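The values are calculated or read from the model by the stated rules, or taken from the named source; none is laboratory data. Please read all numbers here as calculations on a predicted model, not as lab measurements. With ideal geometry, Cβ positions are generated from the backbone for all residues, glycine too; neighbour counts draw on all protein chains shown.
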Amino acid sequence: MRARFDSSYIRSELERIGQQLDNPLTVFLIGGGSMAFRGLKETTKDIDLIVSSGDDLSQLQAVLLELGYDIVREPDEEYEELGAQRIFENDDGCRIDVFNQQVIGKLILS
């Protein structure tokens, strides 16, 4: 069973990412992480983020790799269906799914 993470853990990871950025980066938190911040869910198995461009994806990827995250090369079928551009995982088992403007081929950031 995969580890689960609460809003405190998610906030801490987002702050770590923010501290490593050289330039401002806008990301949108969706899914279970967003629900945890709103008190609608206690924990989530991953952090789902949407970026608005390939450049933003590259910038985020560089920071995540610097922080010790690895790229998940062979995601489970469940993850493939979501259409994440990149999936990263840290030593705690926390996954960050990064979507570039589109989720599941339907939800489009505009």
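Restricting attention to the range 15-39, which residues are of a type in the set (A, V, I, L, M, F, W, C), part of a helix (DSSP H, G or I) and closer than 11 Å to Val63 by Cα?
Matches in the range 15-39: Ile17 only.
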Extreme residue, surrounded by the most Cβ atoms within 10 Å (Cβ to Cβ), among residues of the range 25-77 that are touching a Leu at 6+ places or on another chain (Cβ under 7 Å) and more than 17 Å from Glu13 (Cβ to Cβ) | Asp56
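Just to check your reading of the model, which residue among Ile104, Ile108 is at pLDDT below 95, touching a strand residue (DSSP E or B) at 6+ places or on another chain (Cβ under 6 Å) and more than 24 Å from Arg16 (Cβ to Cβ)?
Within the list Ile104, Ile108, the selection yields Ile108.
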Go through the residues of the range 71-88 one by one and say whether even a single one is modelled with pLDDT of 95 or more and outside any strand (DSSP E or B).
-> no
Answer yes if at least one residue in the range 53-62 is modelled with pLDDT under 95, in a loop (DSSP other than H, G, I, E, B) and in contact with an Asp or Glu (Cβ under 9 Å, 6 or more places away or on another chain), and no otherwise.
-> no
Scan the range 51-70 and report the pairs whose first residue is within 17 Å of Gln102 (Cα to Cα) and in contact (Cβ under 8 Å) with a residue 60 or more places away in the chain and whose second residue is among the acidic types (Asp, Glu) and part of a helix (DSSP H, G or I), with Cβ atoms within less than 6 Å and a gap of 6+ or a chain change.
-> none
Could you list all residues from the range 1-30 that are touching a residue at least 24 places away in the same chain (Cβ under 8 Å) and touching a strand residue (DSSP E or B) at 6+ places or on another chain (Cβ under 7 Å)?
-> Arg4, Phe5, Ile10, Glu13, Val27, Phe28, Ile30
